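The block underneath contains the structure these notes are about, expressed in structure tokens.
The values are calculated or read from the model by the stated rules, or taken from the named source; none is laboratory data. Remember, predicted model here, so these are calculated numbers, not experimental data. Glycine gets a Cβ as well: all are built from the backbone with ideal geometry, and neighbour counts include every protein chain shown.
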Amino acid sequence: MKFDIEIPDSLDEITLEQYQKFLKIQDNNDDEKFLSVKMVEIFCGIRADHVLMMRATDIKSVVQILSEMLNVTPKLKTMFKMKGEQYGFLPKLDDMSFGEYIDLDTFIGDWQNMHRAMNVLYRPINNQHGNKYNVKEYDVDNAEKMKDMPMSAVLGSIVFFYNLGMDLSKAMMNYLDNKEKNLAQHLISEESGDGINRFTHSLRGILDDLKISLN
């Protein structure tokens with residue numbers, strides 16, 4: 001039996017919710033054949049019983065395409081359109097409130113709540129002039145909508161924050177290096193750098209799970 005199957009062309013066509021569904025199944029099952037079926041079912045939008053009727057060689061090819069796609073290291077995506085509405089990455093991170101930072105820090109390391117972290121980072125755009133724009137105020141209740149955002153934006157923001165955290169740590173070490181190395185290490189690990197290191201550790205774990213290389 002033949003079936004029409006639409007394979008995503010890029011991470012732009014894979015949603016956060018789809019990845020959350022697959023990851024939840026993957027975390028509770030290590031059967032590669034079962035996971036192959038679920039991968040095609042979830043990311044290609046085809047029923048599992050139909051997947052089982054496909055040729056084994058075709059399934060293998062589709063799984064390989066999807067796996068390679070999910071292991072791409074995307075750049076930060078500052079804007080994307082979701083259900084007809086334009087969303088933008090928070091233009092000024094320094095303007096983030098303490099409450100917003102707490103939500104971001106709390107949920108960035110939990111894939112099943114990643115949409116809540118993305119809700120802090122991406123907001124509906126109010127006004128736009130070229131590449132410059134303003135975004136709406138943070139709305140906790142908008143989190144569920146973020147499940148429909150593209151994985152390209154999700155992974156791009158995670159890589160961005162991982163690199164940002166590393167750069168901040170290095171800058172702090174370099175600044176304090178000439179004064180006292182031991183003091184610098186203390187500050188980085190125990191006090192001023194504690195939030196950065198914990199945040200970076202969560203992002204490193206996410207990237208390791210995805211087998212994404214930053215090199």
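If you check MET54, MET39 for being touching a helix residue (DSSP H, G or I) at 6+ places or on another chain (Cβ under 9 Å), of a type outside the set (Asp, Glu), farther than 20 Å from MET146 by Cβ and part of a helix (DSSP H, G or I), only one passes: MET39.
Whether any residue in the stretch 78-92 is of a type in the set (Val, Ile, Thr), farther than 23 Å from SER10 by Cα and either surrounded by 13 or more Cβ atoms within 10 Å (Cβ to Cβ) or more than 17 Å from the chain's Cα centre (by Cα) (or both) is what I want to check. No, there is no match, as no residue in the stretch 78-92 is of a type in the set (Val, Ile, Thr), farther than 23 Å from SER10 by Cα and either surrounded by 13 or more Cβ atoms within 10 Å (Cβ to Cβ) or more than 17 Å from the chain's Cα centre (by Cα) (or both).
Residue-wise test of (1) within 14 Å of GLU17 (Cβ to Cβ); (2) of a type in the set (Asp, Glu); (3) at pLDDT 95 or above.
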residue: THR106; (1), (2), (3): no, no, no
residue: TYR122; (1), (2), (3): no, no, yes
residue: GLN128; (1), (2), (3): no, no, no
residue: MET146; (1), (2), (3): yes, no, yes
residue: MET149; (1), (2), (3): yes, no, yes
residue: SER157; (1), (2), (3): no, no, no
residue: PHE161; (1), (2), (3): no, no, no
residue: MET173; (1), (2), (3): no, no, no
residue: LEU176; (1), (2), (3): no, no, no
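Residue selection: GLU17 fails the criterion of being in contact (Cβ under 8 Å) with a residue 40 or more places away in the chain, within 17 Å of PRO150 (Cα to Cα) and touching a strand residue (DSSP E or B) at 6+ places or on another chain (Cβ under 8 Å).
When the stretch 46-75 is examined, which residues are found to be within 21 Å of the chain's Cα centre (by Cα) and surrounded by fewer than 17 Cβ atoms within 10 Å (Cβ to Cβ)? Residues satisfying the conditions are GLN64, ILE65, SER67, GLU68, ASN71, VAL72, THR73, LYS75. Taking the condition among the acidic types (Asp, Glu), closer than 30 Å to MET69 by Cβ and either outside any helix (DSSP H, G or I) or not assigned by TED's automatic domain parsing to the domain that holds GLU17 (or both), does GLU144 pass? So GLU144 fits the description; yes. If you go through the stretch 83-96 and keep only what is of a type outside the set (A, V, I, L, M, F, W, C) and modelled with pLDDT of 90 or more, you end up with LYS83, GLY84, GLU85, GLN86, TYR87, GLY88, PRO91.
Looking only at the stretch 67-82, residues that are of a type in the set (A, V, I, L, M, F, W, C), part of a helix (DSSP H, G or I) and at pLDDT 90 or above come to 1 in all. Checked against (1) in a helix (DSSP H, G or I); (2) surrounded by fewer than 17 Cβ atoms within 10 Å (Cβ to Cβ), LEU155 passes all but condition (2). Looking at GLN20, GLN64, just one residue is part of a helix (DSSP H, G or I) and within 24 Å of TYR162 (Cα to Cα), and that residue is GLN20. Taking the criterion of being surrounded by fewer than 15 Cβ atoms within 10 Å (Cβ to Cβ), assigned to a helix (DSSP H, G or I) and not hydroxyl-bearing (Ser, Thr, Tyr), the residues of the stretch 101-141 that qualify are ILE102, GLN112, VAL140, ASP141.
When ASP110, ASP103 are screened for being within 14 Å of the chain's Cα centre (by Cα), among the acidic types (Asp, Glu) and outside the structural domain of LYS24 (by TED's automatic domain parsing), only ASP110 passes. Taken over the stretch 17-58, the criterion of being within 28 Å of ALA143 (Cβ to Cβ) and acidic (Asp, Glu) is satisfied by GLU17, ASP27, GLU41.
Against the numbered list (1) at positive phi; (2) in contact with a Gly (Cβ under 6 Å, 6 or more places away or on another chain), VAL135 comes up short only at (1).
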